[in-house]
Structures are given as structure tokens and as C-alpha cells.
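Reading through the C-alpha cells given below for one structure.
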């Protein structure tokens, strides 16, 4: 059971369900900053939520923890609506400028996003003033190799993005795709986070929590399990991303799943590197997993989001 969390009055967390990451809104008098903007198809909802919580304040800045679609998908609409400047991790700035949909994992994971303009690059070690507090940007590679987390030492608060959740962390895409040492990077990130004074974590998904040491222990255990069994990591990636896609599309033809899994780079590479299943066998496993987990149900020839 999670302990109640108390945050400063200058911080509001809009806890979102998939497909969107949480939005963290921080007030500085009559202006405000939001961290992460949700998924593109939730854009109108994000704007409505922000209007309500801003209550007449001016949104001047949008800050991204990393480049994935559930965190940057609302950027363009939020920027058009509120006229805010957008700051992104320095490593992702050229990718955004070129709008490289492979590097942004949009085509790689069959997801969507709207091109936006980034105004500022954030480097590890940079400081930001948000919510009447000073935050340090800290490199957090692993889930996204260019990711940042934001730490306020005075109030011992960590905005962790997808580097640390209450029960784990985000998919290690570089490791699954064979593009880098995602496991090693994630371990170094968790070790760096463990050295910080933290009383409250505001994650990219799920409610804020105070069980910092417990969350770290769970994350390290998950990392060890992935290191010992790469197939477990691959299955987790396929299951999570297909759940995301199904929630977005609402339904998929079961007969079309093998071809879809063979055509999307993430699923194709994860299967080839770790599982070695035929597309048909992978589709059979996936349908069974999603229905057993209660996130989908079969309706005739369709797999439908529950």
C-alpha cells in the first residue's frame, strides 16, 4: 500500500492513463511550466486539463524528460495553444529538428507524433527554476539514451520520467533493438538516482510515491531478471508496445497480427534477437498474453481493447 504523498502547493501532477504520460505542472506566480505533454491522440484532453489547472496563469514553458511519443505527442498542440517555449534533452534536439521518426521510435514502434519546434536544449547539470524551486537536470540513459530526470535537493523531489517507476522502469529500447547497452546504462542511471536525497518521486506513469528505496530495489531486481533472460525483456517490450497500439487503434484483426508483427521493426528485431518464433507463433502468444492480462478480449476475428 502506497503512503500518502504531500507536494508543495506550486506543483500539480496530472496523472494520466495510457496512452499519455503524466503532466507535471509547476507554478511560478502568474506563469507555469509543464513537464511532458502526453500522446498525440490525447492532445485535446491535455489542453483541456492544462487550461483547468492553470486557472488563468500563463503557460510559458514545456519541458520534456525524453523523446518518446507518450511524452512529446502533445508538444505541437500545447505550443500552438499556449505559445510556450519547448525545452528538450540536448541529445534529442537534432533528432527533433530533423524529425527523424526512426530515431524517435515512431516508425520503429508503429506510433504517431506531430512535428514540433524545440527552442532550447537541456544538458546534464543544467538548472531550471520551476514551481518556485531550483531543479538540476541529471542524465538518465537506459529507457531513452538521451533522457533527463529533474531533482530538487531542498525538497528532495525527483521528477523521474520513465527512468524509475513505483514498480520498475520503461522499456530498454536500445537493448531490445541491439542499438546499445541499455541494461548497463539503466544500471548506471539507477545507481546515480540512488545517491540522490529523495523523499518523493513523481514518475512518468503512475501516482507520485514516497517508497523510494523499495522502488529502487524493484527496479534493480527487474534489471537483473532482464540481464539473466533476454527473452523476458523482449516479451515485456512486445507486450507493452502492442498494448499501447491496441489502446490507440481500439481493435485489430487477429489474422493480420502476424504480418503486423513481422513488419514493425521493434517486434521483428525483438523476436529475431531473443525469441526466434514464427510471426504466427508470436501472434498466438501475444493474443493469449493480452487476453489473460485482461487488457484485450476476442470478439470474433477481432482483438479488442478491454
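The values are calculated or read from the model by the stated rules, or taken from the named source; none is laboratory data. Small disclaimer: the values here were computed from a predicted structure and weren't measured. For neighbour counting, all protein chains shown are included, and Cβ atoms are generated from backbone atoms with ideal geometry for every residue, glycine included.
Quick notes
- Among the residues listed as 3, 33, the single one being surrounded by fewer than 23 Cβ atoms within 10 Å (Cβ to Cβ) and part of a loop (DSSP other than H, G, I, E, B): 3
- Taken together, 207, 249 contain a single residue that is under 15 Å from the mean Cα position of the chain (by Cα) and exposed (fewer than 15 other Cβ atoms within 10 Å of the Cβ), which is 207.
- Taken together, 169, 150 contain a single residue that is in contact (Cβ under 8 Å) with a residue 12 or more places away in the chain and more than 20 Å from residue 39 (Cβ to Cβ), which is 150.
- Counting only residues that are free of Cβ contacts under 8 Å to residues at least 12 places away in the same chain, in a loop (DSSP other than H, G, I, E, B) and either within 19 Å of residue 109 (Cβ to Cβ) or in contact with a strand residue (DSSP E or B) (Cβ under 6 Å, 6 or more places away or on another chain) (or both), segment 246-292 holds 1 of them.
- Residue count for segment 7-30, restricted to those that are assigned to a loop (DSSP other than H, G, I, E, B) and within 23 Å of the chain's Cα centre (by Cα): 9
- Residue check, residue 264 under 30 Å from residue 136 (Cα atoms), at pLDDT 95 or above and touching a helix residue (DSSP H, G or I) at 6+ places or on another chain (Cβ under 9 Å): no
- Hits in segment 1-15 (condition: in contact (Cβ under 8 Å) with a residue 60 or more places away in the chain and closer than 28 Å to residue 113 by Cβ): 11, 13, 15
- Residue that is surrounded by the fewest Cβ atoms within 10 Å (Cβ to Cβ), among those in segment 133-146 that are in a loop (DSSP other than H, G, I, E, B) and in contact with a strand residue (DSSP E or B) (Cβ under 6 Å, 6 or more places away or on another chain): 146
- Qualifying residue in segment 59-66 (condition: surrounded by fewer than 20 Cβ atoms within 10 Å (Cβ to Cβ), assigned to a loop (DSSP other than H, G, I, E, B) and within 14 Å of the chain's Cα centre (by Cα)): no
- Residue in segment 162-173 that is crowded, with 24+ Cβ neighbours inside 10 Å, touching a helix residue (DSSP H, G or I) at 6+ places or on another chain (Cβ under 7 Å) and over 18 Å from residue 266 (Cβ atoms) present: yes
- Among the criteria (1) outside the structural domain of residue 105 (by TED's automatic domain parsing); (2) within 27 Å of residue 24 (Cβ to Cβ), the one residue 249 does not fulfil is (2).
- Of 159, 86, 183, all but one fail to be surrounded by 17 or more Cβ atoms within 10 Å (Cβ to Cβ) and in a helix (DSSP H, G or I); the exception is 183.
- Enumeration of residues in segment 89-111 that are crowded, with 22+ Cβ neighbours inside 10 Å and not in a loop (DSSP other than H, G, I, E, B): 89, 92, 96
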